[in-house]
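The values are calculated or read from the model by the stated rules, or taken from the named source; none is laboratory data. Quick caveat, the model's predicted, so the values are computed rather than measured. So basically every Cβ, Gly included, is an ideal-geometry build from the backbone, and we count neighbours across all protein chains shown. Remember, those area values only see protein heavy atoms, side chains included, never the ligands or the DNA or RNA. Shrake-Rupley method; radii C 1.70, N 1.55, O 1.52, S 1.80 Å.
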Amino acid sequence: PMDGQGSTKSKTGKEKIDWSFLHSVQFWLLTGLLFCQNAAEQSVTGWMVTYFKGSGIITGALAAYTVTVIATLVARLLIAFVFPFKQPRKAMVVMGMGCTIFYFFLMQAHTQGAAILLLFAFAFAMAGMNPTAVASAGKMTSVTSMGIMLPAASSGAILMPWIIGRVAERAGLAVGMACNIVPCIGLVLFAILVARMPEEN
């Protein structure tokens, strides 16, 4: 039940919201990780098709969108029902490294086949990051904490595509898309920091 979760009863009988999660370093590291995840994923979803079409690598927008959606869906189903992570923190480090490596090679792709394959691999590596990071919040998961974590993290999905657009206006879309390697590297750094922290749940 969601009623009363993340809150305690005061002497007056009214529910008192538990704000202790705001003092948790792990909470903010996970929020930062999700910020980078949203930034990287949304930038690919929003700009990669435009980049590939402009470069003449992929001729159809539907192909790239379909690959991204299918890869994400398949990966999340596999993680949830077939290959659940026994060590989610280490898994996040591996996924972050996979996203960074695949994105780097994705920017080097010059053929439609390689672009589609790498896009699938990137989406597959990215798919499990969000649910695994949220689940890693453990006892900090409450209506209040999620009400802060998720909107703060989701701002990455707005900020990074905007940055890419601004850079693309001045230096070209290729340079703008190259900027997306920054949140990918951020995924790795935040995941490593979270993995090194003691469990809070």
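Number of residues in the stretch 83-113 that are without any contact (Cβ under 8 Å) to a residue 40 or more places away in the chain and more than 27 Å from ALA174 (Cα to Cα): the value is 4. Taking the stated definitions as given, is ALA109 at pLDDT below 85, aliphatic (A, V, I, L, M) and more than 13 Å from LEU33 (Cα to Cα)? Criteria not met by ALA109. Restricted to helices (runs of 4 or more DSSP H) entirely inside the stretch 128-201, those with at least 1 residues that are over 12 Å from the mean Cα position of the chain (by Cα) and farther than 22 Å from ALA91 by Cβ are 143-154, 156-171, 173-178, 181-196.
Pick out the one residue from ILE58, ILE79 that is assigned to a loop (DSSP other than H, G, I, E, B) and at pLDDT below 75.
ILE58
The single condition from (1) farther than 30 Å from ALA137 by Cβ; (2) open to solvent by 80 Å² or more (accessible area, probe 1.4 Å) that ALA109 fails is (2). Entry remark, the stretch 169-188: residues being within 14 Å of ALA40 (Cα to Cα) and either touching a residue at least 40 places away in the same chain (Cβ under 8 Å) or open to solvent by less than 50 Å² (accessible area, probe 1.4 Å) (or both) number 12 in total.
Here SER145 meets the list (1) closer than 18 Å to GLN37 by Cβ; (2) hydroxyl-bearing (Ser, Thr, Tyr); (3) surrounded by fewer than 20 Cβ atoms within 10 Å (Cβ to Cβ) almost entirely, failing just condition (3).
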